[in-house]
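Readers should treat all values here as calculations from the given coordinates under stated rules, not as data from a laboratory. No experiment lies behind these values; they were computed from the predicted model shown. Cβ coordinates were reconstructed from backbone atoms using ideal geometry, including for glycine residues, and neighbour counts include every protein chain displayed.
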Amino acid sequence: MSGEDATDGNLEARLREQAYFRPPSKFVGQANATDPAIYDEVGDFPEGFDRYAELLDWDEQWDETFDGSNPPFFEWFVGGQLNASYNCVDRHLDERKNQTALLWEGEDGEQRNITYQDLYREVNEFASALRSVGVEEDDVVTVHLPMVPALPITMLACARIGAPHSVVFAGFSASALAERVDSADSDYVVTIDGYYRRGEFLDHIEKTDEAMAELDDEPEVLVWNRHDEPRADVADSYTSVDDLLADHRRDRVEPVSRDAEDPLFLMYTSGTTGKPKGCQHRTGGYLAYTAATSKYVLDIEPEDTYWCAADIGWITGHSYIVYGPLALGTTSVMYEGTPDHPHKGRIWEIAEKYDVDIFHTSPTAVRMFMKWGPEYPDEYDFDFRHMTTVGEPIQPEAWLWYYKHIGDEDAVIVDTWWQTETGGHLITNLPAIEDMKPGSAGKACPGIEPAIVDDEGDPVESKSGQAGNLIIQRPWPSMLQTVYGNDERFIDTYWRQFSDVDSDDWRDWNYKAGDGAVQSSDGYYRILGRLDDVMNVAGHRLGTMELESAVAEVEDVAEAAVAARQHDEKGEVPDVYVVLRDGVEVSDDARERIVSAVEEEIGKFARPSSVVFVTDLPKTRSGKIMRRLLEDISNDETLGDTTTLRDPSVPEQIREQVQSD
Ligand code: PRX
């Protein structure tokens, strides 16, 4: 069936009748991957991935594509050497030094066109500045920057001198920043005085000030300015990047040849237990895989204007704003602000202004656009040929709305499933080869071997439509190398449950994604969401344990449990159930202290949607809190099995209380 001629009222009906949408022929005619043979070629394990690595410039050719001799510490493009900054910047100069690399739009309409030549100059100067303050190869540099050009420039400057960066999303609080600096033993923090959010100049440096107070060993702090003059109060002990750069004008820094296996960056992410984990990504395999998926999945050409409206502070921005697109030499758009400021047409205004060809966003954003209504996109003249969604399952209604009102029924959509840990897309369609199916991420990417297993690790029959745990059976080049400084945790979190951990044959090792999935008879995977205690709030990954420990630190709180409540726009939001200490009265003050504890420990984006004071939490006889039952209550669903509870009446009491509130 063709989506091209779908008309107004019948999309829903057609979805029910026949779920596929063919890519428009004008898309297929120009796509980067059109021959299904790519699946066999790349799937010829492991050498099939050589063709991805060949998209890059190497200082030293690799001797061996894959070394699986020490599972799960797999190595890729062994013996090869390269520099990521060279691949994203220098190598484009001959052909396109005057082409825009980064097209930055400030929230207030300010604009910067950074050509590849400009980027080359700025990255070199900042790399030289970093060296001058003592940053050496392999030093971890923590980067706490919002969506301003300084962020990709800093990342590429770090990559140039072989210093792994650890970018902390700007929305994270001072405590979250301090924890990540400490965990990565990072001696350097790069930040900025402030930035704009909804018309307001946010003082960002104050988070660094507070983080410093929490750290035993104060790192060296480098501060960019959002304007020519600092607008926030910057401590004298910090180094101004502007002052520093004045001493490094026109400096050039030879890109350091890194081993393919040398780390390029750390990205902290929430897990089920304990503190966030520093996912460590390698240089060669990561860059090869993100460049290739940018080319074949996102269909990026150097001539395109490509806009991924994510934040570089998360993995999506690392892989698909900075590294993948710039490795291909395209023009990547960055936007500082929010989609509704100063008006709800802001995104489409930017799309029109820059004539964006490829657009990338999340289901949360699509649901928000849907709520605002089609009149906003309708007002602007833009024409996407390709659109992406990432981060959460997208409901067919939202997919259809995106397809119709944003894509004008004339753009392909790829629903890309992947994770911080996977570095790049693992399940999604190659858009000119497979038809689209709303709500399904699609087939495995070339060379990737997913499977679905039950909790014991026994295979669920493939293409059976039965739900189970999603695993990946074969290593791939952009998989995380380890959890920074904690190999045991790496094994425990991702491998132990579904692998034979005593085996030294890589075939016995299966990567556990932590997601539930089904594979339907056509081979398409539908992702059901996390099976563990990880929530997805507006596309931001949050561990319930992290939230709970923030709440537990509040004076007067005896116990707390967090449940994910379904939310029309944000996907999920956290509900906090709290037992106060004996004798403490329920009060607005306690509620406020709990909410601000979460904001302070994690960040405002993690703010609980409700705080429910209860006298007891549902617990098993061994004392384990049954969050699932709280989730049933939060979502107004039938209560699951309560027979194993110490006091089976607790959930019903809580439900009555919630309903009467
Ligand atoms: O549950 C899956 C969901 O997001 C989780 C990974 O989150 P994070 O590491 O923050 O990376 C997000 C961006 C890649 C996954 O375990 N997820 C991601 N993409 C999809 C998705 N769920 C359904 N469909 C997707 N396309």
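Going through the range 566-661, which GluC sites (Glu not before Pro) have at most 16 other Cβ atoms within 10 Å and a DSSP loop state?
In loop regions of the range 566-661 (DSSP not H, G, I, E or B), the sparsely surrounded GluC sites (Glu not before Pro) are Glu569, Glu585, Glu637.
Find, among the GluC sites (Glu not before Pro) in the range 96-136, those assigned to loop by DSSP (not H, G, I, E, B) with at most 12 other beta-carbon atoms within 10 angstrom.
Glu110, Glu136
Indicate the gyration tensor shape class of the range 433-525 (rounded, prolate or oblate), computed on the Cα atoms with a ≥ b ≥ c the square roots of the eigenvalues: a/c under 1.5 is rounded; otherwise a/b larger than b/c is prolate and the rest oblate.
It comes out prolate by the Cα gyration axes.
Assigning unit charges at the beta carbon (Lys, Arg +1; Asp, Glu -1) and nothing else, what dipole magnitude in debye, to the nearest 20, does the range 278-388 show about its Cα centre?
640
Under 21 Å between alpha carbons, and skipping anything fewer than 8 positions from Lys604 in its own chain: which lysines qualify?
Lys207, Lys275, Lys277, Lys570
Rounded, prolate or oblate: which fits the range 533-660 when a ≥ b ≥ c are the square roots of the eigenvalues of the alpha-carbon gyration tensor, with rounded for a/c under 1.5 and prolate only if a/b beats b/c?
Taking the square roots of the gyration eigenvalues as a ≥ b ≥ c, the range 533-660 is oblate.
Which one of Ser85, Pro219, Gly407 is farthest out on the positive end of the charge dipole of the chain, using unit charges on Cβ (Lys, Arg +1; Asp, Glu -1) and the Cα centre as origin?
Of the candidates, Gly407 comes out farthest on the positive side.
Most exposed first by the Cβ proxy, i.e. fewest other Cβ within 10 Å, how do Asp185, Asp340 rank?
Result, fewest neighbours first: Asp185, Asp340.
Working out 0.36 nm times the residue gap between Ser521 and Asp568, then minus their Cα-Cα distance, what length gain in nm do you get to one decimal?
Fully extending the segment from Ser521 to Asp568 adds 14.0 nm.
Once every DSSP H run of n ≥ 4 in the chain is given -39500 (n - 2.57) and the sum is divided by its residues, what mean residue ellipticity at 222 nm do you get, rounded to the nearest 500 deg cm²/dmol?
Here the helix-only value at 222 nm equals -7500 deg cm²/dmol.
Residues with amide H under 5 Å of Val190's amide H, sequence separation 5 or more or different chain, H placed in the peptide plane at 1.01 Å from N; which?
Distant-sequence amide H within range of Val190: Thr142, Val143, His144, Leu222.
What does the charge count around Asp582 come to, taking other residues whose C-beta lies under 13 Å from its C-beta (Lys +1, Arg +1, Asp -1, Glu -1)?
Residues near Asp582 contribute -3 overall.
Checking the a/c ratio against 1.5 first, then a/b against b/c, what shape does the Cα gyration tensor give for the chain?
Note, shape of the chain comes out rounded.
Nearest 5 percent is fine: what portion of the DSSP beta bridges confined to the chain is antiparallel?
Counting only bridges with both partners in the chain, antiparallel ones make up about 60 percent.
How big is the dipole moment of the range 533-660 about its Cα centre under a simple scheme where the beta carbon of each Lys and Arg is +1, that of each Asp and Glu is -1, and everything else is neutral? Debye, nearest 20, please.
Its charge dipole is roughly 400 debye.
Express in whole angstrom the spacing between the alpha-carbon centres of the range 199-217 and the range 596-651.
32
For Gly468, what residues show an amide H to amide H distance below 5 Å, using hydrogens built from the backbone and excluding near sequence neighbours?
Here the answer is Ala517, since their amide H atoms fall under 5 Å of that of Gly468.
Give the residue list of trypsin sites (Lys or Arg not before Pro) in the range 522-613 that are DSSP loop and have at most 14 other beta-carbon atoms within 10 angstrom.
Qualifying residues, ordered by number: Arg581.
Would you be so kind as to identify which of Leu645, Ile38, Pro149 lies farthest towards the positive end of the dipole of the chain, taking Lys and Arg as +1 and Asp and Glu as -1 on Cβ and the Cα centre as origin?
Ile38
When the Karplus curve 6.51 cos²θ - 1.76 cosθ + 1.60 is applied with θ = phi - 60°, which whole-Hz ³J(HN,Hα) does each residue of the range 285-302 get, with x for Gly and Pro?
Calculated HN-Hα couplings, in order: x, 5, 5, 4, 6, 6, 5, 5, 6, 4, 6, 8, 8, 7, 6, 7, 10, x Hz.
Show me, for the range 453-468, the HN-Hα J-couplings you get by feeding each phi into the Karplus relation (A = 6.51, B = -1.76, C = 1.60, θ = phi - 60°), rounded to Hz, glycine and proline as x.
10, 7, 5, 7, x, 7, x, 8, 3, 5, 6, 9, x, 8, 7, x
So what are the ³J(HN,Hα) numbers for the range 525-534, from phi and the Karplus equation (6.51, -1.76, 1.60; θ = phi - 60°), rounded to whole Hz, Gly and Pro as x?
9, 10, 8, 9, x, 5, 9, 9, 8, 10
Using modelled amide H (1.01 Å from N, peptide plane; none on Pro or chain starts), what sits under 5 Å from the amide H of Thr331, excluding residues fewer than 5 places away?
Result for Thr331 returns Asp304, Tyr306.
Let's see if you can work this out: charge +1 on each Lys and Arg Cβ, -1 on each Asp and Glu Cβ, no other charges. What is the dipole magnitude of the chain about its Cα centre, in debye to the nearest 20?
Dipole size: approximately 1180 debye.
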